[in-house]
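These notes concern the structure reproduced below.
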Amino acid sequence: MLTKIMNFFKNNFKLIIGIAVLVLVIVIFFTIQYKSESLENGNLQKWTESSIERKISAVQFLAGDTKDTELIVQCVDKMSTFNDSAEFSVRDAVKLCNMGIKLRENN
């Protein structure tokens, strides 16, 4: 019985190692993706805990180099004070504020 198991592992050693490496890569990929420290992919709870420099950098990255960066930062700051806004995405909040500013400029 033991010899059959040993022969199986000897014959399929490369396959077993390949599957183990593939599983390890998939686990690492998802772990890194969900534990990202970037503010752009975070929620408004991370926004409130961040420095003003990180906020400005995130707005410039998400909205492009607009002239209204400070106004968008203030808008997202205001949104982060609302009840139940901690789970709202920073990316969505910046887009919403940027769209509101553009709509106001066009009307």
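The values are calculated or read from the model by the stated rules, or taken from the named source; none is laboratory data. Remember, it's a predicted structure, so these values are computed and weren't measured experimentally. Positions of Cβ are backbone-derived with ideal geometry, glycine not excepted, and every protein chain shown enters the neighbour counts. Ligands, DNA and RNA are excluded from the accessible area calculation, which covers all protein heavy atoms including side chains. Shrake-Rupley method; radii C 1.70, N 1.55, O 1.52, S 1.80 Å.
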Among what's in the stretch 13-46 and is closer than 30 Å to V73 by Cβ and assigned to a helix (DSSP H, G or I), pick the residue that is most open to solvent (accessible area, probe 1.4 Å). Y34
Filter the stretch 81-107 for residues that are open to solvent by 20 Å² or more (accessible area, probe 1.4 Å) and aliphatic (A, V, I, L, M); the one that is farthest from L44 (Cα to Cα) is L103
Tell me, please, whether a residue that is outside any helix (DSSP H, G or I) and open to solvent by 60 Å² or more (accessible area, probe 1.4 Å) can be found in the stretch 69-80. no
Residue pairs qualifying under the 7 Å Cβ cut-off, at least six apart or on distinct chains, with the first in the stretch 19-46 being under 30 Å from A63 (Cα atoms) and the second being modelled with pLDDT under 80 and surrounded by 10 or more Cβ atoms within 10 Å (Cβ to Cβ), are N43/A86; L44/A86; Q45/A86
